[in-house]
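Since every read-out is calculated from the coordinates, none of them should be taken as a lab result. Here the structure is a predicted model, which is why all the values come from computation and not from measurement. Glycine also receives a Cβ, built like all others from the backbone with ideal geometry; neighbour counts cover every protein chain displayed.
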Amino acid sequence: MRVLNRKLLRDLWRLKWQMAAIALLIACGVSVAVMAYSTQKALVTEQVRYYEQTRFADIFATATRVPLSIASDLAHINGVVSVDPRAMKSGLMEVPGLLRPATARLISLPEDEDAALNRIVIVAGRLPNASRSDEAVALKTFLDAAHVSLGERLSMVMDQRRMTFTIVGAALSPEYVYVPSSSPMPDDAHQGVFWAPRLAVERAMGLGGAFSSVSLALAPGTSEAAAIADVDRILAPYGGAPAYGRADQISNKFQQDRIQRLGVMARVIPPVFLVVAAALVNLVLGRLVQTEREQIGLLKAFGYGNLEAAAGYAKMAALVGVAGVIAGGALGGWLGAGITAELAPYMRFPHLTAQFSWSAFAVAAAVSIVAALAGSLLAVRRAARLSPAVAMQPTAPTSFRKGVLEQFGIWRILDQPTRTIVRNLERFPSRAVLTVAGLSVSLALLVGSQFLFGSVDAVVDQAYYRAHRWTDEIAFGENRDVHAVSEVAHLPAVLRVEPLRTAPGKMRAHAREERIGIVGLEDGAQLARPLDAQGRAIAFEGRGVVLSTVLAAHLGVKPGDTVELEITDGRRPRAVLPVTGVSDEYAGLTAYMARDVFNRLMSDGDLASAADLLLTTDQRGDFYRSIAQVPQVTGAASRDDTVASFRSAVAAVLVIEMAFFLGFACAIAFGVAYNISRIALADRSRDMATLRVLGFAPAECVYILAGELVFLALVAMPLGVLGGIGMSKALVAAFTRQDFYLTFVITPKGWGIAVTAYLGAVLVAAALVAQRVWKLDLVSVLKTRE
Amino acid sequence: MDESTFQVRGLTKVYGTGAGEVRALRGVDLDVPQAETLVLLGPSGSGKSTLLNILGGLDRATDGQVKFHDRDLTRVSDTELTRYRRRSVGFIFQFFNLMPSLTARENVELITEIADTPIDAAEALAMVGLSDRMDHFPSELSGGQQQRVAVARAIAKRPELLLCDEPTGSLDSASGVQVIEAIVKVGGEIGATTLIVTHNAVVAEIADRVIHFSNGAVVDVQANTAKRSPRELSW
């Protein structure tokens, strides 16, 4: 067998570039799996460690003012092992260097560090001195983004009280990886979170002997839903907002999304590569068995068994698989470490160490080698079944016959080289089908790599330029009389003010319930309005509600249906309301209604909780300086900042992922095109040499060889485009968070990149093979009979 | 002697270097007169195919000169060699080398489409007696018929030069005779200079001149005084 192994190695060396192209595809598949799962492992490991270290809570709730004695009632809820009541309030603060005031969230530090939940991790500086009321620790991401250094003093206005703190430490908190704001992406510079000793916070907020935020830890196996219901019941008299579990905690959700997306990538992409690689193994080895049939016959004539004579081809496939697996493992480990490092600042763990997922590697390796072997099966079977007598006779010339196309007039205008191309396609339909399939998969991946960019633009355009047309938005700590809100119109830079009222709530229909945001808008509002699918503003009709696309889909309702609404604020009114429209938007579980209807349900006056503003650009600084002095304002958002942070955050993540897609898709296109061209050249090098001898120039020969490939590449294009659209839609579904939709949009530039990369990969492969036509040894090719 | 198609002087071809060096041609001198039929006879490995390849513009000499009329083929570019093959040379191979995916007629049209003043493909096939097989694919033709298609293909461009490398090597005697007959007939009709390389001495009987080759050199050139018709041949 040693001689056969030597033959195997020499065959492999002879076919090295084709085999390398196949190994490359396997390596791509393995590397995606290893990269994604290694990164995921690093993130999950750190998340578990971080949550344990900081005793991250299981249930979170807020209320207006709850006596501390109620904490013991919460502690008696079945399964609760720890209760951590805190004083917490929000306000606005001016930060030197920032145009717009930032939101400040002040939280009391626990007195009993052991019982505390959601502990912070000090990464620089120190904790405040417990006896001092003017020291605070700030969220590190805020300090970094707002360029605030330790030792600086910051003033904030909270509940009409101005407080000034010296920042003595920088901290990270699992609870504030992502600080909720009106932006779907972190707006770190404008979202300050501060922790100060309890007494100082209580005094500042007038929360002596009371708390406004509470976290609970549950014993393993406890029903979270039951505990949440108990918390809601206990806190309801104290202005409690609905409690929620860890799964709904926004920072946790933010990290989970990221972790899950890696899993989506690892499950969707590698199989594509392995299937294409297996198909190529099948083609290449099939061709090899064909050319080596005399040798196989000879081996059998010498007394080798069927399996012995055929096993080499399976070994070859396995070796290619192993080469791909080793390269893919190394590449995946390296990429995983790179991506982990890239994600570290984004995921905001105190530490993040790269990991290598051996289990993912083992599974990917086994699947890849099995795929390669599966690809070799047909070739091995053909080799095993060859009878020695038949094998040692020369192959009968390939028989051609006239095809369907020749019935048509167009046939007569085709020249002979083109006829050769067409007949070859008709003669080897399965090879043509495999080529088209492989190439269309690569184009589909390329299209899939481009749509997300277009989608993000569409989301931004819809959300911030068409449905919402405000330039700035301010929020009040507590609901204010609408007349007071109108006074904002007198501030500098204000061109238009529209009050709105928001509150959390629950909506039920068809036995489904969703936690939603309710937005009450003015009739005929210009700065924020729900739009229908055609982009027309939807007017409110009576008590009707307009639901966001996502909410309508989750509840399974359409205009004309009714929904049950519970506003979890104030006196917690409930009402059954008709659905009068669906607002076409990509994000959010939101219900819109006329603000006066909202106010009638609440029965607490003509109130607003926020205002949408249209500001002139040149005086925005003056405007923000004035509202920083208004204690009732606790939040301010700017469209431009929001869009910019959304774009930069999305771009940071997408660019990496899309670069992968692009590279991998090109690898598939190249791998398929190169192998198909090499097989075509091997099949027809004799024909090519004959044509060269007959006086055809190399380029004319290349036309016949590459023309077929280019034709197939063009045929594959519409299929690839359709496949890409399909795949993009599948990715949209896979990537869609519960409250976030993407849409399928590809810009002309996106199409350009996809098609250029695709044709580029095909042409490079064709060119590499074509240069062999120039180098054909005419004499030796013609002398030997195939 | 009439005007020469080729003047070959001191033609040398060496393959490999050092210990692996093989001298295929050792200073060949030869004049090939226009419109004659020449047969190159010699044992396997004597260098006759190498000479044919160099004359046909498939291979380059290591040293020496090959003048095709006034042009030295040893000094022209690859593009010019391609043009030379395209315009002036008709090739006939031992293994026919037809495009399997094209019919007999289309195989000939492959050439007529790129030639300057071609013979119509149907006419060329008629000249080799294949009018009734024009729309058959190579796999549907016998060896002799395939080689006659190759002859039709070779002469369809009206080449000045018809180069045949062992044209009967893969055929039985009867088919071989038919092919030689076709070559002589159509070669004569278009006035081509015909060079047939063979180790079959019988074929030499149809030649105007027989060139004996041995060990990379011309050892003898004989004018054939008793030229026979191809029909009279048998082996």
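Among A:Asp188, A:Asp159, sorting on how many other beta-carbon atoms sit within 10 Å of each Cβ, with the fewest leading, yields A:Asp159, A:Asp188. With 10 Å bins beginning at zero, the pair-distance distribution over Cα atoms of the stretch A:17-80 amounts to 15, 23, 19, 15, 12, 9, 6, 1 %. Taking a straight Cα-Cα cut-off under 15 Å and skipping sequence neighbours fewer than 8 places away in the same chain, the aspartates and glutamates within cross-link reach of B:Lys13 are B:Glu21, B:Asp29, B:Asp59, B:Asp63. Let me test this: with uniform point scatterers at the alpha carbons of the protein assembly as shown, what is the Debye-based log₁₀ I(q)/I(0) at q = 0.04, 0.07, 0.08, 0.10 1/Å? Debye curve over Cα of the protein assembly as shown, log10 I(q)/I(0) at q = 0.04, 0.07, 0.08, 0.10 Å⁻¹: -0.36, -0.76, -0.86, -1.15.
In order along the stretch A:82-95, the Karplus-derived 3J(HN,Hα) couplings, from 6.51 cos²θ - 1.76 cosθ + 1.60 at θ = phi - 60°, round to 7, 10, 10, x, 9, 8, 8, 8, 10, x, 10, 9, 8, 10 Hz, and Gly and Pro are given as x. Among the listed pairs A:Lys558/A:Lys749; A:Lys506/A:Lys558; A:Lys16/A:Lys402; B:Lys48/B:Lys157; A:Lys558/A:Lys729, those whose Cα-Cα separation exceeds 29 Å are A:Lys558/A:Lys749; A:Lys16/A:Lys402.
Partner lysines whose Cα lies under 24 Å from the Cα of A:Lys300, excluding those fewer than 8 positions away in the same chain, are identified as A:Lys7, A:Lys315. Suppose we keep just the DSSP beta bridges with both residues in chain B; what percent of those would be antiparallel, to 5? Roughly 55 percent of the DSSP beta bridges within chain B come out antiparallel. Cβ crowding within 10 Å, taken as a proxy for footprinting-reagent exposure, orders A:Ile474, A:Ile668, A:Ile70 from fewest neighbours to most as A:Ile70, A:Ile474, A:Ile668.
Close amide H partners of B:Leu162, meaning residues 5 or more places away or on another chain with modelled amide H under 5 Å apart, are B:Gly90, B:Thr193, B:Thr194, B:Leu195. For the stretch A:88-206, place one equal point scatterer on every Cα, skip the solvent, and apply the Debye formula. What is log10 of I(q)/I(0) at q = 0.11, 0.20 Å⁻¹? These q points yield log10 I(q)/I(0) values of -0.31, -1.11. Exposure proxy for A:Cys28, A:Cys701: other Cβ atoms within 10 Å of each Cβ, ordered fewest to most, give A:Cys701, A:Cys28.
Taking chymotrypsin sites (Phe, Trp or Tyr not before Pro) in DSSP loop conformation with at most 10 other Cβ atoms inside 10 Å as exposed sites, chain A has its longest uninterrupted site-free stretch at A:409-786.
Cα to Cα, under 15 Å, and not fewer than 8 places away if on the same chain: which aspartates and glutamates meet these conditions relative to A:Lys140? Qualifying aspartates and glutamates at Cα under 15 Å: A:Glu152, A:Glu175, A:Asp187, A:Asp188. Electrostatic bookkeeping for A:Arg480 treats Lys and Arg as +1 and Asp and Glu as -1; over the other residues with beta carbon under 12 Å from its beta carbon, the sum is -4.
In deg cm²/dmol and to the nearest 500, what is the mean residue ellipticity at 222 nm of chain A if only DSSP H runs of at least 4 residues count, each as -39500 (n - 2.57), divided by the residue total? Present the calculation step by step, with values, prior to reporting the outcome.
Numbers: 22 runs with 413 residues, N = 786.
Dividing the helical sum by the residues of chain A leaves -18000 deg cm²/dmol.
Which residue fluctuates most in the GNM of chain B (Cα springs below 10 Å): B:Ala154, B:Ala201, B:Ala19? Taking springs between Cα atoms under 10 Å, the residue moving most is B:Ala19.
Phi angles across the stretch A:30-39 convert, under the Karplus curve 6.51 cos²θ - 1.76 cosθ + 1.60 with θ = phi - 60°, into 3J(HN,Hα) values of 5, 5, 4, 5, 5, 4, 5, 6, 5, 5 Hz, Gly and Pro given as x.
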